Amino acid sequence: MYGKEKIYKLFPEYYLIRINSFDNIAKNSLDEWIYFLKNEKIEDTFKARGLQKAKEQLDMLKLSDDERIAYNRYVDNLHYQASMVESSYGVGKLEGREEGEKIGEERGREHVAINLLDILEDATIAGKTSLPLEEVEKLRRNSKKQ
C-alpha cells in the first residue's frame with residue numbers, strides 16, 4: 001500500500017532504554033536525560049540540550065495546585081505588562097512621529113516665508129504659507145537684525 005515490502009520499513013526505528021539498570025552516573029548528554037527520566041531530577045551541572053527547559057517544566061509540575069495557580073497568575077500578569085508596554089511604545093512612537101511631522105511642516109513654512117520676505121508683503125506671505133501674520137512680522141524683524 002505504501003510501496004514498502006516489509007513492515008519494518010514502514011515504521012520508524014524505536015529504541016528501548018532500560019532506565020532501571022542505569023547506574024545514575026551521567027557521562028554524556030544521553031546519560032543526563034536518562035538520569036532525568038529515572039529520578040525526576042536534573043542536576044545543575046547537566047548541559048544536555050533541552051534539559052533546562054525540561055527542568056523549568058518539571059519545577060512547575062512539582063508545585064502544589066495553589067502554587068501552580070499563583071504561578072500561572074504571575075505569568076499571565078507578566079504577559080499583560082509586556083503587552084501594555086509594547087502597545088504604549090507603539091502609541092508613543094506614532095504620537096512622536098505625528099508631532100515631528102507637524103514641527104517639520106511648520107519649519108518648512110517658515111523657511112519659505114523667510115525666502116519670500118524680500119519679494120512680498122507680510123500679509124501675502126502669511127496667506128501663501130498659512131503662517132499667522134504676527135509670525136511673518138516676527139520673521140521679518142529677526143531677518144533685519146541679522
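The values are calculated or read from the model by the stated rules, or taken from the named source; none is laboratory data. Values in this document were obtained by computation on a predicted structure and should not be read as measured data. Don't worry about glycine lacking a Cβ; one is built from the backbone with ideal geometry, like all the others, and counts go over all protein chains shown. Calculation scope for accessible area: heavy atoms of the full protein, side chains included, ligands and nucleic acids excluded. Shrake-Rupley method; radii C 1.70, N 1.55, O 1.52, S 1.80 Å.
Below, the figures for the structure above:
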item	result
Selection from the stretch 3-45 of residues that are of a type in the set (Val, Ile, Thr) and over 18 Å from Gln57 (Cα atoms)	Ile7, Ile17, Ile19, Ile25
Criterion: outside any helix (DSSP H, G or I), out of contact with any strand residue (DSSP E or B) (no Cβ under 8 Å at 6 or more places or on another chain) and open to solvent by less than 100 Å² (accessible area, probe 1.4 Å) - qualifying residue of Leu94, Leu131, Leu58	Leu131
Options Ile19, Ile7, Ile25: the member that is more than 30 Å from Ile125 (Cα to Cα), open to solvent by less than 100 Å² (accessible area, probe 1.4 Å), out of contact with any Leu (no Cβ under 9 Å at 6 or more places or on another chain) and not basic (Lys, Arg)	Ile25
Criterion (within 23 Å of the chain's Cα centre (by Cα) and aliphatic (A, V, I, L, M)) met by exactly one of Leu58, Leu139, Leu94	Leu94
Counted residues, the stretch 68-90 - those being open to solvent by 80 Å² or more (accessible area, probe 1.4 Å), among the hydrophobic types (A, V, I, L, M, F, W, C) and either under 19 Å from the mean Cα position of the chain (by Cα) or under 30 Å from Ile17 (Cα atoms) (or both)	2
Selection count where residues are small (Gly, Ala, Ser) and closer than 17 Å to Gly50 by Cα, scope the stretch 11-36	2
Every residue from the stretch 7-55 that is part of a loop (DSSP other than H, G, I, E, B), of a type in the set (A, V, I, L, M, F, W, C) and without any contact (Cβ under 8 Å) to a residue 12 or more places away in the chain	Leu10, Phe11, Leu16, Ile25
Selection from the stretch 28-55 of residues that are charged (D, E, K, R), open to solvent by 100 Å² or more (accessible area, probe 1.4 Å) and out of contact with any helix residue (DSSP H, G or I) (no Cβ under 8 Å at 6 or more places or on another chain)	Asp44, Lys53
Condition broken by Asp65, with the remaining ones in (1) within 25 Å of the chain's Cα centre (by Cα); (2) loosely packed, with under 11 Cβ neighbours inside 10 Å satisfied	(1)
